[in-house]
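Written below as structure tokens is the structure these notes are about.
The values are calculated or read from the model by the stated rules, or taken from the named source; none is laboratory data. Everything quoted here is computed from the prediction, not taken from an experiment. Every residue, glycine as well, gets a Cβ built from its backbone with ideal geometry; the counts of neighbours run over all protein chains shown. Ligands, DNA and RNA are stripped out before the accessible areas are found, and what is left, the full protein with its side chains, is counted by its heavy atoms. Shrake-Rupley method; radii C 1.70, N 1.55, O 1.52, S 1.80 Å.
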Amino acid sequence: DLGRFADREQFGAHLAALRGWQLQAGWLGMTEFALAGITVIVLNVPCVLVVLAAAALYGAMGGIVMGVLTLNVASVIIYLAGRHLGRAAVMRVFGRIMQRVEAHFGNHGLISVIHLRLLFFALPPVNWFLAVMNLRLRDMVLGTLIGSFPKIALYAWLGDVVIEKLAFHPERLHWYSPELLTPMLAGIGLSLMLRVVDQRWITPRAEQA
């Protein structure tokens, strides 16, 4: 019976009801949401869906907080699981290739994690790839925190605006809306900045290594 919740005409009423339940649940509800978010990210559900759901319930700032919390905790769990369950198997299959990749990660672990998070954000393959690299937990956590924050903020902001307008003001939703245009331009700027950083610092250091 999920079809009725996707009905555009009733979407606003359903969203308002969900937000009302969220207010009644208080801190317990937020804790349950965080635990559910961590669980689904570990189970390979893209983090962006968790951020969008959090933005729908808690607004842009809530989406940012929940996104940062769930992704970083889930990344630590995936890292620990990868170290104990997956690294040996990966090395047996891709040993020679992994040695070359790990030589780079060993010299530039933190900057490599930041680069991958900025470029690919929290795609499930990236999460597990980082888990089997020769990374220190500190570099993985700090790199994930720094590298993922810009996109979490953008997705939370964009999700809050789009969902709010879909629910309550669909007639105002258009591509040239300032609320939509700003995060899009910020995303383009972030990509260009990453390109400059890559050309000036990351690639030259990788070549030297």
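In the stretch 11-30, the residues that are within 24 Å of K165 (Cα to Cα) form Cβ pairs under 8 Å with partners that are at pLDDT 90 or above and not hydrophobic (A, V, I, L, M, F, W, C), at six or more places apart or across chains, as follows: W21/G29; Q22/G29; Q22/Y58; M30/Y58. Output the residues belonging to the stretch 27-59 that are open to solvent by less than 30 Å² (accessible area, probe 1.4 Å) and out of contact with any Leu (no Cβ under 9 Å at 6 or more places or on another chain). Within the stretch 27-59, A54, G59 meet the criteria.
For the stretch 109-158, the set of residues classified as assigned to a loop (DSSP other than H, G, I, E, B) and open to solvent by less than 10 Å² (accessible area, probe 1.4 Å) consists of A122, M133, L135, listed by residue number. Within the stretch 159-169, restricting attention to residues that are surrounded by fewer than 19 Cβ atoms within 10 Å (Cβ to Cβ) and without any contact (Cβ under 8 Å) to a residue 40 or more places away in the chain, which residue is farthest from P46 (Cα to Cα)? Top of the filtered list is H169.
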